[in-house]
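Have a look at the structure below, then the notes.
The values are calculated or read from the model by the stated rules, or taken from the named source; none is laboratory data. Computed from a prediction, not measured in an experiment: that's the story for all the values here. Neighbour counts run over all protein chains shown; Cβ positions are idealised from the backbone, glycine included.
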Amino acid sequence: MSPRSASVNEELRRRSRERLLRATVELVDERGYEATTLGDIADRAGSARGLVSYYFPGKRQLLQSAVHRLMHQTLASALERPPHTDDGAERLARAIDAVLGLARDHPVLMRAHMAGILQAEGFVQCQEQQRLAALLRDTVVRRGVRDVDTAYPLLRALLMGAVFAVLLPGAPMPVATLRAELFQRFGLRWELGVPPGDEPPGGARGVLPDQSARSVQPRNRLK
C-alpha cells in the first residue's frame with residue numbers, strides 16, 4: 001500500500017481536530033467544565049488521548065478554541081441564512097442576535113468560556129478565534145461605520161460584556177434589554193435581525209429611519 005499523500009494526512013488531522021472541538025462543546029455543555037476531562041473528550045471524539053495534547057496545550061485552550069469555533073459557525077450561519085442580504089444594518093443585527101443567542105441557549109458552556117478568559121492564560125489567539133474576528137470585523141465594515149478600528153473592538157467588548165451580563169449568577173440581565181442597548185448604540189432598528197418581541201423594553205424603537213449608518217458613532221458608555 002502506497003503511503004498517504006500530504007494533503008490526505010492534512011485532511012485527516014483537520015477532521016480529528018474538529019471532532020475534538022465538537023466533543024468539547026457537547027461535553028462541557030452537558031456536564032460543565034470541571035466535570036469534563038480530556039479523557040472524556042477524547043472518548044467522545046473517538047480519538048486517542050495523546051491527540052488532545054498534540055493539538056492543544058491544555059483543557060482551557062481546547063475549550064476556548066471549541067467555543068470560538070461554535071461562535072464562528074453560529075455567526076456565519078446567521079449572516080447567510082435566507083433571505084440573503086448585503087445590508088450592513090441587518091447583518092450587524094443578526095450578528096448581535098447570534099452572540100446573545102449563544103449566551104441564552106448555552107449558559108453552562110459560555111459561562112465556562114468566559115471564566116477561562118479571565119484566568120492567567122488569558123485570551124487564546126487560535127485559528128478559530130481569528131476566523132471569528134475576521135467575520136465580525138467584516139460585519140462592522142459592511143455596516144458602514146466611519147471608524148472601523150474603533151467600532152470593531154468596541155463591538156467585541158460590548159458583546160463580551162453583554163454575554164457576562166446574561167450569564168451573571170443570581171443577577172442576570174434580560175437578553176431583550178441588552179439587545180435594545182446594543183441596537184441603540186449602533187443605530188439599529190429593533191425589527192432587524194430576530195427580535196425577541198414586537199417592541200423593545202421601554203418602547204424605544206432605536207434610531208430614526210433617516211439617520212445615516214455612516215453617521216453612527218458609539219456612545220461613551222452603557223446606560
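Report yes if some residue within segment 70-77 is without any contact (Cβ under 8 Å) to a residue 24 or more places away in the chain and surrounded by fewer than 20 Cβ atoms within 10 Å (Cβ to Cβ); otherwise report no.
Residues of segment 70-77 that are without any contact (Cβ under 8 Å) to a residue 24 or more places away in the chain, as a first pass: 73, 77.
Those still in the list that are surrounded by fewer than 20 Cβ atoms within 10 Å (Cβ to Cβ) too: 73, 77.
Yes, segment 70-77 contains a residue that is without any contact (Cβ under 8 Å) to a residue 24 or more places away in the chain and surrounded by fewer than 20 Cβ atoms within 10 Å (Cβ to Cβ).
Which condition does THR85 not pass, out of (1) in a helix (DSSP H, G or I); (2) at pLDDT 95 or above; (3) over 20 Å from TYR152 (Cα atoms), if it passes all the others?
(1)
Quick grid of which residues meet (1) modelled with pLDDT under 95; (2) over 22 Å from ALA89 (Cβ atoms):
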site	(1), (2)
ASP138	no, no
ALA151	yes, no
LEU158	no, no
ALA162	no, no
VAL166	no, yes
MET173	no, yes
GLY187	yes, no
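What about ARG44, is it in a helix (DSSP H, G or I), surrounded by fewer than 11 Cβ atoms within 10 Å (Cβ to Cβ) and within 24 Å of the chain's Cα centre (by Cα)? Give the steps one after another, and end with the answer.
Working: in a helix (DSSP H, G or I): yes; surrounded by fewer than 11 Cβ atoms within 10 Å (Cβ to Cβ): no; within 24 Å of the chain's Cα centre (by Cα): yes.
So ARG44 does not fit the description; no.
Just give me the residues in segment 18-55 being small (Gly, Ala, Ser) and under 20 Å from MET114 (Cα atoms), in sequence order. Spell out how you get there, then give the answer.
First, the residues of segment 18-55 that are small (Gly, Ala, Ser): 23, 32, 35, 39, 42, 45-48, 50, 53.
Of everything in segment 18-55, those that are small (Gly, Ala, Ser) and under 20 Å from MET114 (Cα atoms) turn out to be ALA23, GLY32, ALA35.
Take the residues in segment 114-133 that are within 12 Å of the chain's Cα centre (by Cα) and hydrophobic (A, V, I, L, M, F, W, C); name whichever of them is farthest from TYR152 (Cα to Cα).
Applying the first criterion (within 12 Å of the chain's Cα centre (by Cα)) to segment 114-133 yields 114, 128-133.
So of that shortlist, the ones also hydrophobic (A, V, I, L, M, F, W, C) come out as 114, 132-133.
Working: MET114: 19, LEU132: 12, ALA133: 9 Å.
My answer is MET114.
Output the number of the condition that ALA133 fails; it satisfies all remaining conditions of (1) among the aliphatic types (A, V, I, L, M); (2) touching a residue at least 24 places away in the same chain (Cβ under 8 Å); (3) part of a helix (DSSP H, G or I).
(2)
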